[in-house]
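Accompanying notes for the structure given below.
The values are calculated or read from the model by the stated rules, or taken from the named source; none is laboratory data. Model, not experiment: these values are computed from the prediction. Cβ placement follows ideal geometry from the backbone for every residue including glycine, while neighbour counts extend to all protein chains displayed. For the accessible areas, the whole protein counts, side chains as well, though only heavy atoms, and no ligand, DNA or RNA atoms are used. Shrake-Rupley method; radii C 1.70, N 1.55, O 1.52, S 1.80 Å.
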Amino acid sequence: SAQEDERRRIARDMHDSFGQQLTALRLHLELIENMCVEDALCAKVAETKEIAKQLDSDVSFLVWELRPTALDDLGLDAALVHYVEKWTAQFQIPADIHIRNLKEANLSSEAETCLYRIAQEALNNVYKHARPTQVSILLEKRDEMIIMIIEDNGKGFAPDKQINSKKKGFGLVGLRERAALMGGHVVIESSPWRGTSIFFHVPIELYSGIL
C-alpha cells in the first residue's frame, strides 16, 4: 500500500511538472518553426521538436505506468486491456489479452493492484529480453483459483539456470517472491528459441480478502 501511494504521488508530481513543461516546450518549438525562414535552422528546429514530442510521449507513458487512472476509476479489466494496448503501441509488439469470469471473483482493490503489477512486470521482461513477435495474456477465475498465463514466441531461455544465476535476471525471482507472498506460485516453461510461458496461480480466497 505504501509503495502504491508513493507511485501515485510521483506520477502526480511528474504529470504536474515534467509533463506540463514538456508540452509547453513542444508548443514553443512549433511556434519557432512557424516563424523560421532559414532552411538549415528550420530543419534543426523541426528535429528538436520531434525529440521534444517523443520525450513528452515517454514521460506520459512513465506517468501512466506508475499509476494508471483506469485501475482506480474502471477496475482491473479495463486497466489491463488499456495497458496491453498502450504497451503494444509503445513497443510495437502485437499482444492480445483475454479476461474471463473475473467479476465473479469479487477481488479486493489490493488484489487487483497485485495482478496488474504482475502483468506489468512480466510484459516489461518480455520487452527487455524475449524479442517476440506475438504475446498473449489470459486472466481468469478457474474454479477456486485465479489464473494468469503470459506467453510469448520470443527467444526463450533456460529458467532454472537463469533463476540460479548471480545476475538474478529477467525478473523471475521477483515474480516468484510476489506469488509466494500471496499464497500462490509461478510455473515458468521455456527453452532457448522456443518462447516462454508463465503460469501464475493463487487461491481465490486470498484474492477476495486482505493481502
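State which residue is nearest to residue 100 (Cα to Cα) when the search covers only the range 136-161 and only residues that are out of contact with any helix residue (DSSP H, G or I) (no Cβ under 8 Å at 6 or more places or on another chain) and open to solvent by less than 20 Å² (accessible area, probe 1.4 Å).
By that ranking, first place goes to 140.
Of a type in the set (Phe, Trp, Tyr) and either open to solvent by 40 Å² or more (accessible area, probe 1.4 Å) or more than 28 Å from the chain's Cα centre (by Cα) (or both): does that describe residue 61?
Criteria not met by residue 61.
What single numbered condition from (1) open to solvent by less than 30 Å² (accessible area, probe 1.4 Å); (2) modelled with pLDDT under 90; (3) under 28 Å from residue 3 (Cα atoms) fails to hold for residue 164?
The single condition residue 164 does not satisfy is (1).
What's the total number of residues in the range 74-123 that are free of Cβ contacts under 8 Å to residues at least 12 places away in the same chain and open to solvent by 50 Å² or more (accessible area, probe 1.4 Å)?
5
Select from the range 171-198 the residues that are outside any loop (DSSP other than H, G, I, E, B), in contact with a helix residue (DSSP H, G or I) (Cβ under 7 Å, 6 or more places away or on another chain) and either β-branched (Val, Ile, Thr) or open to solvent by less than 40 Å² (accessible area, probe 1.4 Å) (or both) and list them in ascending order.
Correct list: 171, 172, 173, 174, 175, 186, 188, 190, 196, 198.
Run down 11, 24, 40 and say which single residue is of a type in the set (A, V, I, L, M) and closer than 26 Å to residue 88 by Cβ.
11
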